[in-house]
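Structure, as structure tokens:
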Amino acid sequence: MLRFYTLPPARIPYPFILVNANRPEPGLRYVIKNKKAIKGVLIDSGVEIFRDPTRKDYPPGWLNKLVRLYYRVKYYLPGADIVVTIPDYPDDYNPGSLWLPGKTNIERTFENILYCIENYNNVNWLIPIQGHNKNPNSIKIMINYLREAGITKKFKKYAIANLCVEKKDRIIIHTLRIAREELGDVWIHAFGIKKRQAIKAAKYKLINSFDSTAWTRPDSLTSKLMRELGIKKRFSCKNERQRRIYFLAWLVSLSRKVVLENINVRKYEAMLENEIYELKRKALEKYRNTLKLF
């Protein structure tokens with residue numbers, strides 16, 4: 001069973017929500033609106049700020065911002081499984097750009113882990129596993145640091161954090177297989193991997209969860225539906241109805257390949273059918289109103 005974290009359209013209740021610390025407002029609005037449906041929240045540390053090659057560290061006060069965000073979400077969802085990612089330093093956006101003299105992105109991430117668990121021990125931390133770009137075996141360095149510090153005996157949730165922009169399935173599966181072999185029977189999350197890669201990893205029992213917002217772009221099912229509805233293929237959804245159709249189609253197609261945790265597939269299929277029906281009905285009404293003008 002696989003847990004899928006994402007941020008859906010506001011009108012669609014969904015159990016596992018992704019909140020990004022870099023832009024938390026949309027996630028918080030969703031949490032407040034859909035409190036009854038939510039079982040768990042993953043707060044991402046906002047590492048995409050490092051897509052800017054000139055940035056070398058998080059802004060001042062970033063860790064406190066993360067902790068405040070964690071307690072705010074916890075206030076709205078007191079019974080939910082809420083985890084927050086310790087700020088890490090990715091090597092896959094701009095390889096080597098976050099290395100310092102005598103410290104790679106792995107050592108810098110490890111220092112943050114030690115600081116967070118020692119100074120904020122009431123926070124439910126998700127431990128990031130960093131590695132070097134396109135080097136699966138490098139995550140063993142990080143895991144050995146965690147093992148020597150006794151962290152692997154205390155924590156049971158980890159996230160593989162160096163695969164967000166990796167395109168090669170071979171590298172992703174190899175990295176996740178190493179993580180599973182090294183960490184054993186713990187919770188392993190994969191940040192930002194593609195749908196096909198998540199399906200493969202789940203098949204081999206290498207991950208327990210993953211996150212993605214890639215549903216905003218059409219997959220094969222979405223593209224087919226758009227063609228059948230007479231809508232030109234778009235790279236991304238352009239309005240709220242398309243957002244709902246894109247999300248539901250993406251979720252339904254994923255659920256046909258892997259069992260998803262706390263997901264009633266039939267409910268989402270029915271929601272998708274209703275969205276398509278409404279789109280067709282409105283198109284027909286528009287057509288009839290146009291005819292009245294002649």
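Quick look at the values:
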quantity	calculated
Residue list for the stretch 231-257, filter: touching a residue at least 24 places away in the same chain (Cβ under 8 Å) and not in a helix (DSSP H, G or I)	257
In the stretch 19-31, the residues that are under 22 Å from residue 86 (Cβ atoms) and crowded, with 20+ Cβ neighbours inside 10 Å	19, 20, 21, 24, 27, 31
Hey, residue 29 more than 23 Å from residue 120 (Cα to Cα), part of a helix (DSSP H, G or I) and either touching a residue at least 24 places away in the same chain (Cβ under 8 Å) or out of contact with any helix residue (DSSP H, G or I) (no Cβ under 7 Å at 6 or more places or on another chain) (or both) or not	yes
Residues (of a type in the set (Lys, Arg), over 30 Å from residue 180 (Cβ atoms) and modelled with pLDDT of 80 or more) located in the stretch 210-238	224
Of residues in the stretch 184-204 being open to solvent by less than 10 Å² (accessible area, probe 1.4 Å) and assigned to a helix (DSSP H, G or I), the one nearest to residue 140 (Cα to Cα)	201
Conditions (1) in contact (Cβ under 8 Å) with a residue 12 or more places away in the chain; (2) farther than 19 Å from residue 210 by Cα: number failed by residue 20	(2)
In the stretch 168-189, the residues that are within 15 Å of residue 210 (Cα to Cα), without any contact (Cβ under 8 Å) to a residue 40 or more places away in the chain and of a type in the set (A, V, I, L, M, F, W, C)	172, 173, 176, 186, 187, 188
Count - residues of the stretch 205-218 that are more than 13 Å from residue 243 (Cα to Cα) and either out of contact with any His (no Cβ under 8 Å at 6 or more places or on another chain) or in a loop (DSSP other than H, G, I, E, B) (or both)	5
Which listed residue is of a type in the set (Val, Ile, Thr), modelled with pLDDT of 95 or more and in contact with a strand residue (DSSP E or B) (Cβ under 7 Å, 6 or more places away or on another chain), from 171, 207	207
Test: residue in the stretch 261-284 that is open to solvent by 20 Å² or more (accessible area, probe 1.4 Å), under 29 Å from residue 172 (Cβ atoms) and either in contact with a strand residue (DSSP E or B) (Cβ under 6 Å, 6 or more places away or on another chain) or modelled with pLDDT under 80 (or both)	yes
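The values are calculated or read from the model by the stated rules, or taken from the named source; none is laboratory data. Everything quoted here is computed from the prediction, not taken from an experiment. Cβ sites come from the backbone with ideal geometry, for glycine too, and all protein chains shown count toward neighbours. Areas reflect the complete protein model, heavy atoms only, side chains present, ligands, DNA and RNA absent. Shrake-Rupley method; radii C 1.70, N 1.55, O 1.52, S 1.80 Å.
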